[in-house]
1. Can you find a residue that is away from chain B (no Cβ under 14 Å), assigned to a helix (DSSP H, G or I) and among the hydroxyl-bearing types (Ser, Thr, Tyr) anywhere in the range A:35-52?
2. So which residues in the range A:7-34 are more than 23 Å from the chain's Cα centre (by Cα), at the interface with chain B (Cβ under 9 Å from one of its Cβ atoms) and assigned to a helix (DSSP H, G or I)?
3. Just wondering, is there one or more residues in the range A:171-180 that are within 27 Å of A:Lys50 (Cβ to Cβ) and either within 12 Å of the chain's Cα centre (by Cα) or of a type outside the set (A, V, I, L, M, F, W, C) (or both)?
4. Working only within the range A:185-240, note down all residues that are part of a strand (DSSP E or B), among the hydroxyl-bearing types (Ser, Thr, Tyr) and closer than 28 Å to A:Thr264 by Cα.
5. Would you please list the contacts, defined by Cβ atoms under 6 Å and residues six or more apart or on different chains, that run from a residue in the range B:97-117 that is touching a residue at least 12 places away in the same chain (Cβ under 8 Å) to a residue that is basic (Lys, Arg) and assigned to a helix (DSSP H, G or I)?
6. Filter the range B:65-90 down to the residues that are more than 28 Å from A:Val116 (Cα to Cα) and either of a type in the set (S, T, N, Q) or without any contact (Cβ under 8 Å) to a residue 24 or more places away in the chain (or both) and list them by number.
7. Pick out the one residue from B:Ala42, B:Ala86 that is at the interface with chain A (Cβ under 8 Å from one of its Cβ atoms) and either under 29 Å from A:Ala32 (Cα atoms) or surrounded by fewer than 21 Cβ atoms within 10 Å (Cβ to Cβ) (or both).
Amino acid sequence: MSRTNFIALLIFGVILGYFLSFGAESTRKFQAGIYQLIAPFLSSGSGLQKQITSVRTGLKTLEQLERESAQLRVENRELRATNQALRDVEREVNSLRHQLNYRERSVFKLVPAVVVTRDSSTWWHTVTVNRGREDGIEGDMAVVTDEGLVGKTTTVASSISVVLLVSDENCKVAATVEGTREQGIVSGERVTSGLTPSLYLNFLSKQADLKPGQKVYTSGVGGVFPSGLPVGVVKSFRVRELDGQAQLTPAVDLSHLEDVFIVTGRK
Amino acid sequence: MIFFLLLLVLVTIAQIGEFFIPPLAWLYNTHIYLVPLIVFYAAVALPVPLMLAVALYAGILLDALTVQVIGNKVEISLGWSILLYAVLAGLMHGLRPLFVRGRWEIHAVLSGICTSVILLAQYLMITFRRGSIIFSPEVWWQIGGPGLIAMLMAPVVFWLLHWIAYVTGFGYLSERSRFE
């Protein structure tokens, strides 16, 4: 071995040793730094991809756009009215709870975010979103859509964050089943064969006997995910040696995520 | 040196590009990986110190952008991909004389195999962490699929990189006469 190669190997070994010694916190900081560096490229790449997709899906006529706009205006008015009505109900409920000395129930503070990229690796199910520390985002914050739970934030850079999807085996969510007292832990699959992943609700009692179609919600245990968020719908139930396990269809279509909300706290 | 720097830029572009390449749903959600091909080309084109530098850079990028930190646990420590890239690139480098003589097909096949080896190593590491060994047909496809695709893409990628090496006047092309 030549002297140059030996020195190169030595330097390589030292740098490798330095990186291998990183703990969880330093790894997260390092990842956040790299993500921040490439954030502009990811954002512009995402914009370009959306433009290409929109061209591919076809341009709309003025008439179609007008019809769509009118439809959206009507929907917007309806939603505003419903929202107002719900706020009145919320105030009333809170006032009654206050009189009964119950803790007030509050709605979540949500930060809207756009999905910039999808998972680029085989073994982890993640997406990156265009919000970060500058927007008040921290690690372990729940991410939702109007349909239900999406996942939680992991690595957070200044203007970009990584979201671990509920379909990842590492994303564990405490959940309850609608209409029962059953509680369990939802987690994803290690390997997904298709674009639509399945979720598994584990540690149920053997007598749970869940039926297809029953809805599963977050229970709020653990503190990361607020209670009452739809997680999925029961597809099947089976009894294992020690517990019961239900297979779920996710409440959110995780393969076509575009706009999400990050739960930053309560109002 | 220009060629080496260009390879680093290409590694960065390919790593970012991988975010935008959707997995192939018809092939068990197989992902397409471009970076290993560039690293393995660098392994046969560059001398050992520069090869290690490319492996280091590509490994850092791969780990920084894919490895998950859940709570206080890192599934695969930062640095493992560097080691994997370096070891596999070292093996490829050993067959460099063949490549310089123009026998690129062995390296094209090896690039595919090495891509799958990286995925297999990652899978074994996460399996070790998470427990319960699962080796379903889907797992094998997700390990072997990217390798097969890398094998198919290798001739084109190698040809492009070869052309860049030629344009930038990179020296290894002139080594052929030495081996012949």
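The values are calculated or read from the model by the stated rules, or taken from the named source; none is laboratory data. Predicted model, so just to flag it, every value in this text is computed and none were measured. Positions of Cβ are generated from backbone atoms using ideal geometry, with glycine treated the same way; all protein chains shown enter the neighbour counts.
1. Taking the range A:35-52 first, the residues away from chain B (no Cβ under 14 Å) are none.
Checking the range A:35-52: not a single residue is away from chain B (no Cβ under 14 Å), assigned to a helix (DSSP H, G or I) and among the hydroxyl-bearing types (Ser, Thr, Tyr).
2. First pass over the range A:7-34, keeping only residues more than 23 Å from the chain's Cα centre (by Cα): A:7-23, A:26.
Those still in the list that are at the interface with chain B (Cβ under 9 Å from one of its Cβ atoms) too: A:7-9, A:11-12, A:15-23, A:26.
A:Ile7, A:Ala8, A:Leu9, A:Ile11, A:Phe12, A:Ile15, A:Leu16, A:Gly17, A:Tyr18, A:Phe19, A:Leu20, A:Ser26, listed by residue number.
3. The first filter runs over the range A:171-180 and keeps only residues within 27 Å of A:Lys50 (Cβ to Cβ), leaving A:171.
This time we only want the ones that are either within 12 Å of the chain's Cα centre (by Cα) or of a type outside the set (A, V, I, L, M, F, W, C) (or both), so: A:171.
So far as the range A:171-180 goes, yes, one or more of its residues are within 27 Å of A:Lys50 (Cβ to Cβ) and either within 12 Å of the chain's Cα centre (by Cα) or of a type outside the set (A, V, I, L, M, F, W, C) (or both).
4. Of the range A:185-240, the ones part of a strand (DSSP E or B) are A:185-187, A:189, A:199-204, A:215-218, A:230-239.
Narrowing further to those that are among the hydroxyl-bearing types (Ser, Thr, Tyr): A:187, A:200, A:217-218, A:236.
Result: A:Ser187, A:Tyr200, A:Tyr217, A:Thr218.
5. Once the first residue is touching a residue at least 12 places away in the same chain (Cβ under 8 Å) and sits in the range B:97-117, its partners that are basic (Lys, Arg) and assigned to a helix (DSSP H, G or I) give B:Val100/B:Arg176.
6. Listed by number, the list holds a single entry, B:Val87.
7. Details: B:Ala42 fails: at the interface with chain A (Cβ under 8 Å from one of its Cβ atoms).
Going through B:Ala42, B:Ala86 in turn, the sole match is B:Ala86.
For every residue, the table says whether it meets (1) surrounded by 11 or more Cβ atoms within 10 Å (Cβ to Cβ); (2) at pLDDT below 90; (3) at positive phi.
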| site | (1), (2), (3) |
| --- | --- |
| A:Arg3 | no, yes, no |
| A:Ile11 | yes, no, no |
| A:Val14 | no, no, no |
| A:Glu25 | yes, yes, no |
| A:Ala32 | yes, no, no |
| A:Leu37 | yes, no, no |
| A:Ser43 | yes, yes, no |
| A:Lys50 | yes, yes, no |
| A:Thr53 | no, yes, no |
